[in-house]
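The values are calculated or read from the model by the stated rules, or taken from the named source; none is laboratory data. As the structure is a prediction and not an experimental result, all values here were calculated from the model. Cβ coordinates were reconstructed from backbone atoms using ideal geometry, including for glycine residues, and neighbour counts include every protein chain displayed.
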Amino acid sequence: MPEATASRPDWARPPAIALPSRAVWHPLLPALALTVLAGYLRIRGLSGSHPNSFYDAAVRSMGESLRNLFYGAYDPSAQLAVDKPPVDLWLQVASTKLLGFNTRALVLPAAIFGTLAVPLLYDAVRRIYGVLAGVCAGVALAVLPLSVVSSRSDALDSVMMALLVLALWLGVRAIQTGQARWLYLAALVMGIDFNVKLFEALVPLPALFVLYLVGARVSMRRRLAQLGLALGIFVAASLCWIVAVWLSPGPHPYPIGSTNGSVWNVVFAFNGYNRILAQPSVPAPGLFDAPAAGRIGPELVAAFVLGGLALFVGSGLPRARRTPPATVAVGAAIGLWLVTGTVLFQRMRSLHLRYLEAFTPAVAAALGIGVALLTLRAARGKLSAAVALAGGLLATPLALAALTSAPHTRPNALAIGTGVAAAVLALGTAAAGRALPLWKRAAPACAAVIAVLALVSLLAGSVSYSTQLVRANTTDSGHTRELPAHILNKLDRFLISHRGANQYEYAASDPSRSGGLIARDGQPALLLETYHGHQVITPERLRALVAAGKVRWFVTKPRCSPSYHGGCVPVLRWIATHGTNVARRYGISRRVRLYEVTPAQARASAFGRTTTRPAPRRSAQSGRRPGAGRPATRVHHRRS
């Protein structure tokens, strides 16, 4: 990663505001230091993380066979598939095969990719804006609480984020070298990233388009032609797995979230339209509501404030003719990426914090570039840049306080003190640089000191909060409707010991009821419905399986009502009508509905009819029911 020199073409050469190479170490050394910092926060104590049973169940099932691996099977029997392409889960399957099926192996791919994204972002920014800007951007991403937590989770959004940074790096190489092959590689990476997190990975796509359109070294006609070819590569890479699944012969696992069993439906409806355009009945929390505000709010506000000030004061854009096109292109791309992510996620229907990884690199890059540009120009005697830096350090906490009152967004004493010191030093250095020409020789050293003080002021809260989150083993994997571990242990032991000769260890009403069990033992399970109460097996088919002795035990929803996640589908009504809830009998828990349906009960339900005796009316005089103590409802099965 050599530093840019004056021998490079003006098109790709960093602007004159960069630190001279003699004033800093070799560019590889900051990259190594940033990697150590990021790795410490992301890899330390991974065994204490709390995994997401949904994706972990899929990893366990995908490791059973190549067919399961290809389709992304959710359960070992491959009845259902996960709601996204399984490309990122393949990394977890490989990790668990090497290290065993445990929490560390499940989270390690996310931690590694999240760590590598930091030096890669540093180098992408350094190539255009210099070492100081690259270091500032890398530090901002390394300590960003949201990125730290995401990299310690097994949902693998940090893998998606790292691939986005790689695409940015390839785009920068394309405009630096003038070789379109780097653009095509960036398009390929974006297509692969689409197969990791679908539309979440497309947030920076307009920014990457602007990056090459503005910064390329060829004619406009050729730029458009190359971008058109890159678009074709991106589409082909994005749809390769989807088309392969669509065209593959034989029965396919039913994608969770689909309404018709089609992979196209789950990609473009469930993970597309429904996530972005459909309006929620209850407004979703935004970026400046807890807990998002604490994990990204301080750096997000700082990115807008300091990045905006650098744009109008510190970057020299009023003299745009002297600004290299590559500098303008990268700045415009990062700004567009930042604005796109902020607007999109502020109004998203159901926002999981890990989704914000789609634009955390833009937040870190804008903050780092803003601090570096203002600092360097202030150190070289630009009083306007010094005033802008001082005002930005003051305006950031004020703007944050106006936007949110969430915890972990208030500056501490260290942040306030270093902010004041950075502002005073920047103003003094700028004044000395204007009055004493010889002072400019000390500009690099002064710039480094001012930048360190400014970063401490802006990131002290992020470092403190990230450290707290690491110590608490906080993750963003999600635990929707999962059973507590002690209940899951009892249920798992019971089902293993009572499986007998049944083909399926149990049947579950929906994926959330079975994820923890699949992840624990990987035994065949029968799943009855997907999201929103869409059943994947009919009562007739289920009755036949029970009658044949293939399944006996059923783990169902805690209650069966129209208001509960799709209501009570016919197959669950059949279980409740003909089965017996035995959870309390076997000492498992009241929170679990464990039904037993024997083959005899299933065969009786096929030939008879169920009659219900109406409950006796209450006595008007006594206020009690006649025959109190006897069951008011009985079920009779009569042969025809």
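Structure values in brief
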{"quantity": "Some residue of region 230-238 being assigned by TED's automatic domain parsing to the domain that holds Val159, under 25 Å from the mean Cα position of the chain (by Cα) and closer than 19 Å to Leu91 by Cβ", "calculated": "yes"}
{"quantity": "Helices (runs of 4 or more DSSP H) fully within region 119-202 counting 2 or more residues that are over 28 Å from Ala230 (Cα atoms)", "calculated": "131-143, 145-151"}
{"quantity": "In region 240-284, residue modelled with the lowest pLDDT [restricted to those that are of a type outside the set (A, V, I, L, M) and in contact with a Gly (Cβ under 6 Å, 6 or more places away or on another chain)]", "calculated": "Phe270"}
{"quantity": "Selection from region 44-65 of residues that are surrounded by fewer than 19 Cβ atoms within 10 Å (Cβ to Cβ) and either among the basic types (Lys, Arg) or modelled with pLDDT of 95 or more (or both)", "calculated": "Arg44"}
{"quantity": "Flag if Thr360 is buried (at least 24 other Cβ atoms within 10 Å of the Cβ) and of a type in the set (Ser, Thr, Tyr)", "calculated": "yes"}
{"quantity": "Output for region 211-223, where each listed residue is in a helix (DSSP H, G or I) and in contact with a helix residue (DSSP H, G or I) (Cβ under 8 Å, 6 or more places away or on another chain)", "calculated": "Leu211, Tyr212, Leu213, Val214, Gly215, Arg223"}
{"quantity": "Some residue of region 65-75 being on the phi > 0 side of the Ramachandran plot and outside any helix (DSSP H, G or I)", "calculated": "yes"}
{"quantity": "Hey, Tyr40 hydroxyl-bearing (Ser, Thr, Tyr) and surrounded by 19 or more Cβ atoms within 10 Å (Cβ to Cβ) or not", "calculated": "no"}
{"quantity": "Failed condition for Asp83, given (1) surrounded by 24 or more Cβ atoms within 10 Å (Cβ to Cβ); (2) of a type in the set (Asp, Glu); (3) within 20 Å of Ala525 (Cβ to Cβ)", "calculated": "(1)"}
{"quantity": "Enumeration of residues in region 186-201 that are of a type outside the set (D, E, K, R), surrounded by 19 or more Cβ atoms within 10 Å (Cβ to Cβ) and out of contact with any Phe, Trp or Tyr (no Cβ under 6 Å at 6 or more places or on another chain)", "calculated": "Ala186, Val189, Ile192, Phe194, Val196, Leu198"}
{"quantity": "Members of region 576-594 found to be free of Cβ contacts under 8 Å to residues at least 60 places away in the same chain and outside any loop (DSSP other than H, G, I, E, B), listed by number", "calculated": "Ala576, Thr577, His578, Thr580, Asn581, Arg593"}
{"quantity": "Residue within region 220-234 that is small (Gly, Ala, Ser), in contact (Cβ under 8 Å) with a residue 12 or more places away in the chain and in contact with a Leu (Cβ under 8 Å, 6 or more places away or on another chain) present", "calculated": "yes"}
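For (1) closer than 19 Å to Val371 by Cα; (2) touching a residue at least 12 places away in the same chain (Cβ under 8 Å); (3) not hydroxyl-bearing (Ser, Thr, Tyr), each residue gets a yes or a no:
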| position | (1), (2), (3) |
| --- | --- |
| Ala443 | yes, yes, yes |
| Val449 | yes, yes, yes |
| Ser457 | yes, yes, no |
| Ser462 | yes, yes, no |
| Leu469 | no, yes, yes |
| Asn473 | no, yes, yes |
| Asp476 | no, yes, yes |
